[in-house]
Amino acid sequence: MIQNSRPSLLQPQDVGDTVETLMDYGLRGFFQGGIPRALRRTLMAAMAWTVYEEMMAKMGLKS
């Protein structure tokens with residue numbers, strides 16, 4: 001028999017955690033924290049892009 005060395009993406013305890021979240025918080029529980037995370041990721045991407053653009057301009061590689 002061939003064994004897969006990569007673990008399964010869905011573990012048995014994940015099902016219990018999912019049900020517990022659904023029972024305790026409802027569907028809203030799956031989305032709590034989504035807005036702060038989206039804002040943080042957006043700001044990080046904007047900062048990285050700004051640094052990239054400034055470096056390209058200083059090195060004379062930007063037309």
Residue check, residue 14 out of contact with any Ser or Thr (no Cβ under 7 Å at 6 or more places or on another chain), outside any loop (DSSP other than H, G, I, E, B), at pLDDT below 90 and among the charged types (D, E, K, R): yes
Matching residues in segment 17-63 - criterion: being more than 19 Å from the chain's Cα centre (by Cα) and not in a helix (DSSP H, G or I): 26, 59, 60, 61, 62, 63
Pairs with Cβ under 6 Å, 6+ apart, first in segment 9-26 and free of Cβ contacts under 8 Å to residues at least 60 places away in the same chain and surrounded by 11 or more Cβ atoms within 10 Å (Cβ to Cβ), second part of a helix (DSSP H, G or I) and not aromatic (Phe, Trp, Tyr): 21/29
Tally, over segment 17-63, of residues that are modelled with pLDDT under 95 and of a type in the set (S, T, N, Q): 4
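The values are calculated or read from the model by the stated rules, or taken from the named source; none is laboratory data. Keep in mind that what you see is a predicted model, and the values were worked out from it rather than measured. So basically every Cβ, Gly included, is an ideal-geometry build from the backbone, and we count neighbours across all protein chains shown.
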